[in-house]
Number of protein chains: 4
Amino acid sequence: MAVKRLKIACAGLGRMGKRHALNYLDRTPRAQLVAVFTPDPVETEWARKELEPVCVTIYSDYDEMLQFPGLEAVVIVTVTAVHAEQSIKAINADRHVFSEKPLSTSVEVSQAVVDAAAAKPHLKVLCGFSRRFDKSSRDAFRHVDPIGPPSVFRSQTCDVLDPSGFSVPYAECLAAASLWTTPSTTLISRCAVEPGLRKHKDVDNDVGIVEFWNDKFACFFCSRMMAAGQHDITEILGPKGKLVVNGNPMSTLVEVHEPGGVRRELPANYYERFGYAFLTMANEFTAACLSGTPLPLKLAGAAKALSGGCKYGTEDILRQHGASDRIDQ
Amino acid sequence: MAVKRLKIACAGLGRMGKRHALNYLDRTPRAQLVAVFTPDPVETEWARKELEPVCVTIYSDYDEMLQFPGLEAVVIVTVTAVHAEQSIKAINADRHVFSEKPLSTSVEVSQAVVDAAAAKPHLKVLCGFSRRFDKSSRDAFRHVDPIGPPSVFRSQTCDVLDPSGFSVPYAECLAAASLWTTPSTTLISRCAVEPGLRKHKDVDNDVGIVEFWNDKFACFFCSRMMAAGQHDITEILGPKGKLVVNGNPMSTLVEVHEPGGVRRELPANYYERFGYAFLTMANEFTAACLSGTPLPLKLAGAAKALSGGCKYGTEDILRQHGASDRIDQ
Amino acid sequence: MAVKRLKIACAGLGRMGKRHALNYLDRTPRAQLVAVFTPDPVETEWARKELEPVCVTIYSDYDEMLQFPGLEAVVIVTVTAVHAEQSIKAINADRHVFSEKPLSTSVEVSQAVVDAAAAKPHLKVLCGFSRRFDKSSRDAFRHVDPIGPPSVFRSQTCDVLDPSGFSVPYAECLAAASLWTTPSTTLISRCAVEPGLRKHKDVDNDVGIVEFWNDKFACFFCSRMMAAGQHDITEILGPKGKLVVNGNPMSTLVEVHEPGGVRRELPANYYERFGYAFLTMANEFTAACLSGTPLPLKLAGAAKALSGGCKYGTEDILRQHGASDRIDQ
Amino acid sequence: MAVKRLKIACAGLGRMGKRHALNYLDRTPRAQLVAVFTPDPVETEWARKELEPVCVTIYSDYDEMLQFPGLEAVVIVTVTAVHAEQSIKAINADRHVFSEKPLSTSVEVSQAVVDAAAAKPHLKVLCGFSRRFDKSSRDAFRHVDPIGPPSVFRSQTCDVLDPSGFSVPYAECLAAASLWTTPSTTLISRCAVEPGLRKHKDVDNDVGIVEFWNDKFACFFCSRMMAAGQHDITEILGPKGKLVVNGNPMSTLVEVHEPGGVRRELPANYYERFGYAFLTMANEFTAACLSGTPLPLKLAGAAKALSGGCKYGTEDILRQHGASDRIDQ
């Protein structure tokens, strides 16, 4: 007679994997975390201590985990290289799938996931993009019509310098952004603080310009040398107005007046800024799986992002930055 | 083999009652809402539609609800006049209790609840004060030591003009604040917008000054005539700095640049500003009931607030505005 | 054939006196500083060095200074005790007069200046109130009509703790404010940081409430213990909106993002905040003397401020805080 | 025995010319505007009404104006095409020179002015760059050392859409900026709002990236389609911090709380934002001419800006955006 809850498993228990697992365990009331998969001994140890006592089964084999009795959905937070393979296996096993982005760094492989999902329309298959679930980014979309057709889009993703290597994926995000495009793209990358990054084909400051049809363009700036904290900004510029998301970053509503002036702290990192969006994502994915309602973003976009096709414009980018797929759906 | 969840019932399904009930139903993973009580036919109808399908039992008799099999905790969101009586009944029935504030408008009646709770130290009895669970208010407390001993405290609770009568309890909050005190209190009340409120012994603008020992004082401003939205501010002033909570109110991180300037929207009402604090409160109350750990604020404070005793100072007020009971515990 | 310039003298060369003298010397193109008066040897030495080389005559006798050939106007920045006497002498000598506030701490003496000025309507006699010449305060007045009839007025004058004694006059400002009134006034004064101030009948934190007819009131807060810098705020609350002047103080438009967060510096003191208003005052006074046009505020207000008469309301206070005397004129 | 004042003439009385003339007439106490030149009948009419009554002589021949008895300095605000020729003539006539930017659109012609000035080292020759005299931009320079060596520079110059053609020069500013450089420059221009601008080889949105040696770069954004008002931003990013000038634009310190939220107005145009900087420029130029002290920026920079030489870096740009020439001098 209990309320129906979604039986879900989490593959991967690295930094983000742990966060997803705990979100589904503790903060997604309609979901029930029943199983996890990790090939890593340290992660397994963590799971023994934190998850086993609350009745979560631990697997070191992904295929076995998929066979957990009654399993309905899988969250894939493993390394990028296996996102697609694991997603397709889960789809074939008739499980709903949430995969962290990107599906793959290959257009063809990404498309294979889209095709697999298309063959099972009763399944919900979602590739995560946290800003699409961020309250402020969504709120911005509500104001887009009043400012008129957007002609310039500017985005800044700026991390604190972090020696742990965690910030590498964010450097990738710009590369992804520039790959989106079309008539013309410019990408400038610099190792201003850490020349050593060059060895790893990485940089600490990137700026990219993406030109669209109809005299429109987007400008992206990515950095990993912020001293003050995480600071992501989105700007959408139209002839009747401009929207700014997070122009004035803050970790809380507290302002400290002290010798030196008025000070406001920033989120310490990406997850402190967007953690609640990840939670919203978990709850909305769960609700869609249980109720069969449409997901707020389409899987095809995750493949499009890599496809380099020439038919996309600022609408697509808006959608990537918090908007619902109101046009596609 | 399922995870242990707290079986909880909710008494009262008015505006705030519904919110509490839904918070425990949907957004407090370690709690399970099993029963509700309401004497009101309209509220009962709502519960039939929203709660019965998800296995919540509806009672029109509070005492019967207390006998729900396995019930562990009760949330009391009925009218103020019965908070104390229902709390004591629940305590006597060996249930954990969360009561909305105030326990009572009588010092003696409030103290009776405190005494009943003291007789059952294994029970968790909490009187809600949402700011104590607000992330920003809590963050302010972290900065109190650096600014030196606070000597001036200023608080503003400002609502939108609302013809539904919902704002009446907030006018009460200042009265409560001024009653707190001690050597001297000044209270000035005005019906600037709605002279008709006088009939109901109510006002729309209040300012109160509370004087403490040691040359310290607090200044409270309450209003219900804000045009822009909900705007509560807390200021704590010490010799080495000042803390401001919510000096720049906002509903999201979006800023709209449009003809006329730059605009930022405000929370539409008290619940939009503090809704997440209510949810934190539900989760922390649940955790304390399940784990036996101390609650973040003490029941005695809810009686103290009315007692007019002369031994309180700015520390007590800080505690009421988001701080942990770090001294008492 | 040169352009006509106003021949002006400055009485008093203390901290503010030097500022007024230099404003008229260097930054008021239509004025020509021709003479100064000071009884103080140190100030005289300063004048020898700074003013004599640019053709300013120095007097140690106020009456002699008044006889400077062709003198047209006098700026009085001496100690409060002689403001009125020196103003009246200057009026009788047929000179335009600018006196720093207050005219006197006595209602009768202040009125005597008003009467002397009334007897010589061709003269311009102005008692300084710097906020009346502040661009932001003036701009606020433009927004008053849209917010509806103001019912609550809040003002904060907060200085840095300054051991030089300079801040004493600001404690007086609240006293003056509360004296303005009428049906009822409450004044609470505290020595939170410097108990020693009590010996000098002075305080470091003041809060005053002034009640008006028609359910309106004003709340004033004065402090001299700001750690971050000068922070004066004015708030005007009406049923359709609220105006805030300087809610977010800043010395320039620079924001520093650094470890610890985003920081904005504050003006270091009252003069850094309102220095440009003093300059505007010098230029507008000069223009009025040369052209015969009305001054932007009336002398009578400077006496009213002390009179305790019962016919004033929020309109008067608005006027004191930056508005033109649009009703009186 | 009057104080020495600088006898100055103004060439050109268009929109900016009138502003310069009035600044020297009314708001630059140590200067005396003695003559103006304009070939335009409408401007002449204006000068007859506004300047002749205050003893300013009007010329329709530039060479004759240069012969005004006792003339010491000339302000050149004519069309760009004649800036250089008129500057050289004034230098040859032994007058100090202030020329609006640019000296010329030709490197060679600009260099000729620099050479003419170098031949007369007793003369002050200044090419105006208003941000160098802006209080906030100057204040930013004070914070540059603490943030470490700047590696990324971002600048935004955004105007309101203005059908009068006034905004055309601002589109040029980016072109100028991109010409500055060196190893590599990218420039993207768009007519998002006004396709018709293409006919005039003009655009309404520009973005340019300038790459420097040592992994540094600058990103410029220019627009003329702001709905909210003038909004120029400067950002300087170093490894220990970031400086933002004017991230939160405002015309005054007033915030309006009204239905819809909190609103802050913006400066209506470039001159409302930087008008005080123009005045500071007038006063500092005058002081330098009278006293022989160095000007705050060097003439050579105005030619460098066009030279495309490869030896410049972020230091040069910082200097263009408000810094003193602390390295050169």
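The values are calculated or read from the model by the stated rules, or taken from the named source; none is laboratory data. Bear in mind the structure is a predicted one, so any value in this text is a computation, not a measurement. Methodologically, a virtual Cβ is constructed for each residue, glycine included, from the backbone with ideal geometry; neighbour enumeration extends over all protein chains shown. Note: accessible area is taken over every heavy atom of the protein model, side chains too, but ligands, DNA and RNA are not part of it. Shrake-Rupley method; radii C 1.70, N 1.55, O 1.52, S 1.80 Å.
Test C:Val152 against the criterion of being under 30 Å from C:Asp215 (Cβ atoms), among the aliphatic types (A, V, I, L, M) and open to solvent by 40 Å² or more (accessible area, probe 1.4 Å), and give yes or no.
no
Scan segment D:247-263 for residues that are more than 7 Å from chain C (Cβ to nearest Cβ) and buried (at least 24 other Cβ atoms within 10 Å of the Cβ) and jot them down.
The answer is D:Val262, and nothing else.
Applying the selection to segment A:113-136, what residues are in contact with a Phe, Trp or Tyr (Cβ under 9 Å, 6 or more places away or on another chain) and not hydrophobic (A, V, I, L, M, F, W, C)?
Across segment A:113-136, the qualifying residues are A:Lys124, A:Gly128, A:Ser130, A:Arg131, A:Asp134, A:Lys135.
Is it fair to say A:Phe153 is more than 8 Å from every other protein chain (Cβ to nearest Cβ), modelled with pLDDT of 85 or more and under 28 Å from A:Met16 (Cα atoms)?
no
Among the residues of segment C:48-60, is there at least one that is part of a helix (DSSP H, G or I), in contact with a Ser or Thr (Cβ under 8 Å, 6 or more places away or on another chain) and open to solvent by less than 60 Å² (accessible area, probe 1.4 Å)?
No, segment C:48-60 has no match at all.
For segment B:107-117, does any single residue satisfy the condition of being assigned to a loop (DSSP other than H, G, I, E, B) and of a type in the set (Asp, Glu)?
no
Before we move on, is B:Leu266 among the aliphatic types (A, V, I, L, M), under 18 Å from A:Glu255 (Cβ atoms) and assigned to a loop (DSSP other than H, G, I, E, B)?
yes
For C:Val210, indicate whether it is at pLDDT 70 or above and open to solvent by less than 30 Å² (accessible area, probe 1.4 Å).
yes
Considering only segment C:264-276, state which residues are within 9 Å of chain D (Cβ to nearest Cβ) and of a type in the set (Phe, Trp, Tyr).
C:Tyr276
For the structure I just gave you, tell me whether D:Val160 is open to solvent by 10 Å² or more (accessible area, probe 1.4 Å) and within 20 Å of D:Ala268 (Cβ to Cβ).
So D:Val160 fits the description; yes.
For segment B:72-110, which residues satisfy the criterion of being among the β-branched types (Val, Ile, Thr) and either surrounded by fewer than 24 Cβ atoms within 10 Å (Cβ to Cβ) or touching an Asp or Glu at 6+ places or on another chain (Cβ under 9 Å) (or both)?
Those that are among the β-branched types (Val, Ile, Thr) and either surrounded by fewer than 24 Cβ atoms within 10 Å (Cβ to Cβ) or touching an Asp or Glu at 6+ places or on another chain (Cβ under 9 Å) (or both): B:Val75, B:Ile76, B:Val77, B:Thr78, B:Val79, B:Thr80, B:Val82, B:Ile88, B:Ile91, B:Thr105, B:Val107, B:Val109.
Residue by residue through segment B:204-229, note down the ones that are in contact with a Lys or Arg (Cβ under 6 Å, 6 or more places away or on another chain), part of a loop (DSSP other than H, G, I, E, B) and more than 12 Å from chain D (Cβ to nearest Cβ).
Of everything in segment B:204-229, those that are in contact with a Lys or Arg (Cβ under 6 Å, 6 or more places away or on another chain), part of a loop (DSSP other than H, G, I, E, B) and more than 12 Å from chain D (Cβ to nearest Cβ) turn out to be B:Asp204, B:Asp215.
Limited to segment C:1-17, what total is found for residues that are part of a helix (DSSP H, G or I) and open to solvent by less than 60 Å² (accessible area, probe 1.4 Å)?
Number satisfying all stated conditions: 2.
Hey, can you tell me all the residues within segment D:67-85 that are without any contact (Cβ under 8 Å) to a residue 40 or more places away in the chain, farther than 13 Å from D:Thr38 by Cα and not acidic (Asp, Glu)?
Matches in segment D:67-85: D:Gln67, D:Pro69, D:Thr80, D:Ala81, D:His83, D:Ala84.
Restricting to segment B:120-129, name every residue that is within 14 Å of B:Lys89 (Cβ to Cβ) and in a loop (DSSP other than H, G, I, E, B).
Within segment B:120-129, B:Lys120, B:Leu123 meet the criteria.
So which residues in segment B:230-246 are crowded, with 21+ Cβ neighbours inside 10 Å, within 7 Å of another protein chain (Cβ to nearest Cβ) and not in a strand (DSSP E or B)?
B:Asn246, the sole residue that qualifies.
Against the definition (assigned to a strand (DSSP E or B) and touching a strand residue (DSSP E or B) at 6+ places or on another chain (Cβ under 9 Å)), how does A:Gln32 come out, yes or no?
Yes, satisfied.
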